[in-house]
1. Could you please find all residues in the stretch 104-116 being in a loop (DSSP other than H, G, I, E, B) and either hydrophobic (A, V, I, L, M, F, W, C) or in contact with a Lys or Arg (Cβ under 8 Å, 6 or more places away or on another chain) (or both)?
2. Can you spot a residue in the stretch 96-109 that is under 19 Å from residue 14 (Cα atoms) and open to solvent by 20 Å² or more (accessible area, probe 1.4 Å)?
3. Kindly indicate whether any position in the stretch 81-89 is part of a loop (DSSP other than H, G, I, E, B), at pLDDT below 95 and closer than 28 Å to residue 143 by Cα.
4. Take the stretch 51-106 and flag every residue that is free of Cβ contacts under 8 Å to residues at least 24 places away in the same chain, closer than 21 Å to residue 39 by Cα and out of contact with any Ser or Thr (no Cβ under 8 Å at 6 or more places or on another chain).
5. Since residue 78 meets every condition but one in (1) in a loop (DSSP other than H, G, I, E, B); (2) within 19 Å of residue 116 (Cα to Cα), which condition does it not meet?
6. In the stretch 179-193, how many are over 17 Å from the mean Cα position of the chain (by Cα) and closer than 10 Å to residue 159 by Cβ?
7. Can you run down the residue pairs with Cβ atoms below 7 Å, 6 or more apart or on separate chains, where the first is in the stretch 181-209 and small (Gly, Ala, Ser) and the partner is assigned to a helix (DSSP H, G or I)?
Amino acid sequence: MCAMARPRKPLLSRERIVETAGALVDAEGLAALSTRRLAAELGVSGPSLYNHFRTKDEILDAVADAVSAKIDLSMFAADDGRDWGTALHDWAVSYRAALADHPHIVPVLAQGPGRRPAGLKVADAVFGAMVRAGWPPAQATSIGALMRYFVTGSALGSFARGFVDDETAYDPADYPHLGQAHLLAERRQKVDEGAFETGLRALLDGLRLQYEAIPARAPQGSAAAEA
């Protein structure tokens with residue numbers, strides 16, 4: 001009895017569509033993604049995509065959510081030993097790293113989680129940990145928002161790459177304080193990561209001052225305080 005022949009191409013699945021769409025966005029940007037282009041990359045007909053996703057926007061949502069799923073949330077577990085400030089710091093570093101690996105999808109992520117499961121788990125974990133630490137719910141919501149603004153903003157572009165590496169580009173007669181600006185591009189990682197860490201620590205220092213001023217604050221690890 002002859003064995004059944006294997007299909008020449010892998011069967012189409014949501015996971016394969018999302019992986020291929022993500023690779024295309026990573027390589028060429030959001031504008032490169034269309035259902036026609038994606039179908040060609042997958043070696044299938046365009047209409048077959050609609051068995052898994054209704055629209056291109058749904059595919060982009062799934063790609064964005066796959067990136068959110070890579071963000072470490074372990075520091076927000078109830079049994080984790082880190083205080084709320086350290087947890088926020090460690091989470092923000094993981095958050096930025098996930099976005100830095102997929103910069104072209106950041107504008108979609110910056111819109112918020114919507115109905116994306118992984119994105120909602122991130123929001124839920126941050127809010128729950130802050131309330132559990134004694135932050136009033138309204139302030140815990142603000143913390144989640146400002147952290148998203150800060151991290152996604154830092155991932156939208158590179159400060160250092162905003163300057164050209166031509167030392168003649170910044171005439172000291174016009175820009176007396178930019179004499180070394182042409183060196184920033186080659187030091188991009190150090191400059192950008194240093195700026196992120198400086199901003200993050202300043203942000204957390206400010207939050208700690210607000211935290212100490214909360215009246216009748218519930219002890220960290222206790223039941224949530226009322227707003």
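The values are calculated or read from the model by the stated rules, or taken from the named source; none is laboratory data. Fair warning: this is a prediction, and the values are worked out from it, not measured in the lab. Positions of Cβ are generated from backbone atoms using ideal geometry, with glycine treated the same way; all protein chains shown enter the neighbour counts. Please note that ligands, DNA and RNA were not included when accessible areas were found on the heavy atoms of the full protein model with its side chains. Shrake-Rupley method; radii C 1.70, N 1.55, O 1.52, S 1.80 Å.
1. 110, 112
2. no
3. yes
4. The answer is 54, 55, 57, 58.
5. (2) is the only condition that residue 78 fails.
6. Residues that pass the stated criteria total 3.
7. Hits for this filter: 185/160; 185/161; 199/150.
Rundown of residues vs (1) exposed (fewer than 14 other Cβ atoms within 10 Å of the Cβ); (2) not hydroxyl-bearing (Ser, Thr, Tyr), yes/no style:
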residue	(1), (2)
29	yes, yes
33	no, yes
39	no, yes
42	no, yes
46	no, yes
57	yes, yes
64	no, yes
69	no, yes
74	yes, no
